[in-house]
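Reading through the structure tokens given below for one structure.
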Amino acid sequence: MRIELKYNSKELEKFGILNFCDLYEPYKNVTLFNDFLMFDSLMIVDDRFTEGLTDTEIANLGNKLEYTFWKQDFGSDATKGRSKTKLKNYIKTKKLDKTFTYLKNMIIQKFDELFKDCDENYPIVVGD
């Protein structure tokens, strides 16, 4: 699985990143990482964790997780938004987002491990 967040140059400027070498400053990576932590719109639902759901609930969930379901006409954007909010709340209530929670926690642990010793030590630039 690969998750990629893309920033354009204007978005990176908000973080004080003007060129590639700016990424050698750990606090700028921390700023980017904090922005990643705000990213909660990704939804990973693993069907192995559907214990206790009825067949109807599983079928309904499967339909709503399909890209094409959200392409249909809901009458208004507000109705579509309420439907998405209900789905997200349902997934959290039934604890079907275990995979996303697990992955996010693993990414946080890896980031902590990579940057724990970067108080004053910066990576060494190799080459020109």
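The values are calculated or read from the model by the stated rules, or taken from the named source; none is laboratory data. Fair warning: this is a prediction, and the values are worked out from it, not measured in the lab. As a convention, Cβ positions derive from the backbone with ideal geometry for all residues, glycine included, and neighbour counts pool all protein chains shown.
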- Which of (1) surrounded by 14 or more Cβ atoms within 10 Å (Cβ to Cβ); (2) at pLDDT below 85; (3) in contact with a helix residue (DSSP H, G or I) (Cβ under 7 Å, 6 or more places away or on another chain) is the odd one out, the single condition GLU25 does not satisfy? (3)
- Note on the structure: Residue hits (the stretch 26-83; assigned to a helix (DSSP H, G or I), of a type in the set (A, V, I, L, M) and farther than 18 Å from ASN105 by Cβ) are LEU32, ILE58, ALA59, LEU61, ALA78
